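The values are calculated or read from the model by the stated rules, or taken from the named source; none is laboratory data. Model, not experiment: these values are computed from the prediction. Reconstructed Cβ throughout: ideal geometry from the backbone, glycine too, with neighbour counts over all protein chains shown.
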Amino acid sequence: MLLLLFYLGDEMYTIKCEKVREVAPMVRLKEISQAPEFVVGLLNYRGVIVPVIDLRRLIQGKSCEMRLSTRIILVDFERQNQAPYTIGLMAERVTETVRKTADAFLPSGVVMDTAPYLKNVVMLDEEMIQFIDLDLLPRSLQFVSIIEE
């Protein structure tokens, strides 16, 4: 399977590319009053309004640094009624894609109720890279009731 590699601070993370629509450059976002801290704003993506999540804020509690390589990863999901929706995931230093087989995914031995999407790691050479399970991510977001409508 194809994986997208990126950094949040000094830590490398990865997601499966199957739900990734596009990796877009960072643009100015419309701020949302009273939104959770990890929701950095709204993106007008070809006429569709997309909420953008700062992955570093969500996972590490610190905001993504604005670099030339900071990107918005547009990810497609389906509501329970199969209606599509898109979420933008802001990440630093989006670097490359790699192919890995299923045996490269290993349980970390740690499952957190607050972050169930962070339970596995992927081996890349001798390095362990935290895997973000996109299937589990939307249910962990505080504004999920808006998405599921």
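Worth pointing out:
- Evaluated against (1) aliphatic (A, V, I, L, M); (2) under 17 Å from the mean Cα position of the chain (by Cα); (3) at pLDDT below 95, Met90 falls short on exactly one condition, (3).
- Of all residues in the stretch 106-119 being surrounded by 15 or more Cβ atoms within 10 Å (Cβ to Cβ) and more than 23 Å from Arg21 (Cα to Cα), the one that is modelled with the highest pLDDT: Ala115
- Any pair with Cβ under 6 angstrom, 6 or more apart, that starts in the stretch 72-95 at a residue that is within 13 Å of Ile15 (Cβ to Cβ) and ends at one that is hydroxyl-bearing (Ser, Thr, Tyr) and modelled with pLDDT of 85 or more: Leu74/Thr86; Asp76/Thr86; Phe77/Tyr85
- Selection from the stretch 96-116 of residues that are within 17 Å of Gln130 (Cβ to Cβ), part of a strand (DSSP E or B) and either of a type outside the set (A, V, I, L, M) or free of Cβ contacts under 8 Å to residues at least 12 places away in the same chain (or both): Glu96, Thr97, Phe105, Pro107
- Residue that is surrounded by the most Cβ atoms within 10 Å (Cβ to Cβ) [pool: residues in the stretch 26-42 that are farther than 20 Å from Ser69 by Cα and without any contact (Cβ under 8 Å) to a residue 40 or more places away in the chain]: Ile32
- Matching residues in the stretch 63-91 - criterion: being over 18 Å from Ala24 (Cβ atoms) and not in a strand (DSSP E or B): Ser63, Arg79, Gln80, Asn81, Gln82, Ala83
- Test for Asn120: is it without any contact (Cβ under 8 Å) to a residue 12 or more places away in the chain and over 24 Å from Ala24 (Cβ atoms): no
- Within the stretch 52-73, considering residues that are surrounded by fewer than 21 Cβ atoms within 10 Å (Cβ to Cβ) and under 15 Å from Glu22 (Cα atoms), the one modelled with the highest pLDDT: Thr70
- Annotation for the stretch 74-81: no member residue is farther than 16 Å from Ile129 by Cβ, modelled with pLDDT under 95, surrounded by 14 or more Cβ atoms within 10 Å (Cβ to Cβ) and touching an Asp or Glu at 6+ places or on another chain (Cβ under 7 Å).
- The stretch 120-149, subset part of a helix (DSSP H, G or I) and in contact with a helix residue (DSSP H, G or I) (Cβ under 8 Å, 6 or more places away or on another chain), residue modelled with the highest pLDDT: Pro138
- Yes/no for Val23 being touching a residue at least 60 places away in the same chain (Cβ under 8 Å), β-branched (Val, Ile, Thr), surrounded by 19 or more Cβ atoms within 10 Å (Cβ to Cβ) and closer than 21 Å to Leu5 by Cβ: no
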